[in-house]
Structures are given as C-alpha cells and as structure tokens.
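Colleague: Sending over a structure as structure tokens; questions will come in a sec.
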Amino acid sequence: MRIADKSIDRFLHDIATKPRTPAGGSIAALCAASAAALTEMVARHTINNKDKSVDILDYMDEVIQICSAYREQFLEDMDRDTQAYKNVINAINSTEENREECYKTSINIPLEITHRVLNMVGIINKIIKEGNDYLVTDGAAALLIAKATITSLIYHIKCNLIFIQDKDFFNKITTELELIEEQIKIYSKNTP
C-alpha cells in the first residue's frame, strides 16, 4: 500500500510514532499535493464562469490537467522520498560504499518536487488573479502552502548536501537552489 492510500489519521499517527520514516519529505509532498488540489479546484470552479474570456477558460482547463497530474506525482513522491531516506539510513548503518549515492538520491527527489511546486507557484499566482472571485482565499491558501513546501524542501536538500563529497554535484545543487530562492523572491513581489 502506498503512503497516499492510508487514512490521514493513520499517516499522521505513523509520522508521530514511527522512527524516521515517513517524515518531513513525505509531509512536504503531501502539502504540494494539497496545493495542487486547491489550485485545480479553483480552476474547475472558474470554467463555469461565463464572465471569463475564452483564453482564461482555456487556461483553466490546462491548469486542471497540469495540477491533476502534479497532484498524483506528489502523492507518489511521498513513497519515493520515504524510500530514499530509508536507503540513506540503511547505508549509514552498513559498510556500503554507496552512501553518497543514497544522499544524492535523497537530494534529487525533493529537488524534483521543488521544481514542480515552483512551476505551480506561477500557475497559482495567475489563478488568484484570473480565477473564480469567490475562491480567492483558496488560491491564496494554495500559494502559501506551496511557498512553505518549497522552503521545507530546500531545507531538507541543504541538510543532505553537507554529506556530499562530490564537489561538482554540490556546486550544481547549490547553484540550482540559489536560482530557486531568487525565483521565489520574484514571485513574492508579484503576488496579488
């Protein structure tokens, strides 16, 4: 059974009581899925609005497709991140030589999630401006959740980066994170 198929109560109980996994990465992926669901909801309720232009309605239809796919990917990421962290723990507890590769995977998965959430932030900003006026608070909630998710994921990535010896990988990821953080600042200036 994948993590996303558990009840919310069971999942949170597992977070609270099981050692190490699932943990912060899974919560971040769940938050990303929640932001995608809220964004999709706003788009769905905007499509029936006769006062919106055809271009806006077509955009909302596209948003529904994108956010629906993202939502499912984020739910799958809950398991991917959990497995990556389990692999790190197993590598630490053994004499395996692949410890750094495990850390790289535990960096790459949240980085992939971060990129998708960052793309969603741009979508959410437009949804807030152009979507159903009655759901502006839901769009704002999606935006706040998305930004908090990115912050959390960046923190996880940086914490895992300290174990990386591969300087090229370290520099590549550090540069990527700086670009993401700069993009979030730009989005924040343009937030309605």
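Colleague: What's the angle, to the nearest 10 degrees (0 to 90), between helix 8-17's Cα axis and the longest principal axis of the chain?
Modeller: 30 degrees
Colleague: Helix 54-92 sits at what angle to the longest principal axis of the chain, using alpha carbons and giving 0 to 90 degrees rounded to 10?
Modeller: The angle comes out near 10 degrees.
Colleague: Using a 1.4 angstrom probe on the protein heavy atoms only, could you order LEU177, LEU57 from most to least accessible area? All intermediate terms of the calculation are to be shown ahead of the outcome.
Modeller: Details: LEU177 5, LEU57 45 Å².
Descending accessible area places them as LEU57, LEU177.
Colleague: Which of the aspartates and glutamates could a cross-linker bridge to LYS52, judged by Cα under 16 Å and excluding same-chain residues fewer than eight apart?
Modeller: ASP61, GLU62, GLU130, ASP133
Colleague: Using the Cα centre of the chain as origin and beta-carbon charges of +1 (Lys, Arg) and -1 (Asp, Glu), tell me which of ILE92, TYR187, TYR70 is placed farthest towards the positive end of the dipole.
Modeller: Highest projection toward the positive end goes to ILE92.
Colleague: Over the heavy atoms of ASP9, what accessible area does a 1.4 Å probe trace out, to the nearest 10 Å²?
Modeller: About 120 Å², ignoring ligands and nucleic acids.
Colleague: With each run of n ≥ 4 DSSP H residues scored as -39500 (n - 2.57), what mean residue ellipticity at 222 nm is computed for the chain after dividing by its residue count and rounding to the nearest 500 deg cm²/dmol?
Modeller: Working: 6 runs with 154 residues, N = 192.
Helix-only estimate at 222 nm: -28500 deg cm²/dmol.
Colleague: Which sequence of LEU38, LEU179 reflects their accessible areas, 1.4 Å probe, from the largest down?
Modeller: Descending accessible area places them as LEU179, LEU38.
Colleague: Right, something else. Project the alpha carbons of segment 126-181 onto their principal axes and report the range along each, largest first, in whole Å.
Modeller: Extents along the principal axes: 51, 16, 10 Å.
Colleague: Helix 99-130 versus the longest principal axis of the chain: what is the Cα-based angle in degrees, 0 to 90, to the nearest 10?
Modeller: Once rounded, one gets 10 degrees.
Colleague: Please calculate the 1.4 Å probe accessible area of GLU181, with all protein chains present, and give it to the nearest 10 Å².
Modeller: Counting only protein heavy atoms, GLU181 exposes about 60 Å² to solvent.
Colleague: When the solvent-accessible surface of protein heavy atoms is calculated with a 1.4 angstrom probe, in what order do GLU40, GLU112, GLU101, GLU176 fall, highest first?
Modeller: GLU101, GLU112, GLU176, GLU40
Colleague: Using the alpha-carbon centroid of each, what span in Å lies between segment 22-47 and segment 135-189?
Modeller: Spelled out, the Cα-based centre of one part sits 17 Å from the other.
The values are calculated or read from the model by the stated rules, or taken from the named source; none is laboratory data. Because the structure is a prediction, the values reported are computed rather than measured. Neighbour counts run over all protein chains shown; Cβ positions are idealised from the backbone, glycine included. Surface areas here come from the heavy atoms of the whole protein model, side chains and all, with no ligands, DNA or RNA. Shrake-Rupley method; radii C 1.70, N 1.55, O 1.52, S 1.80 Å.
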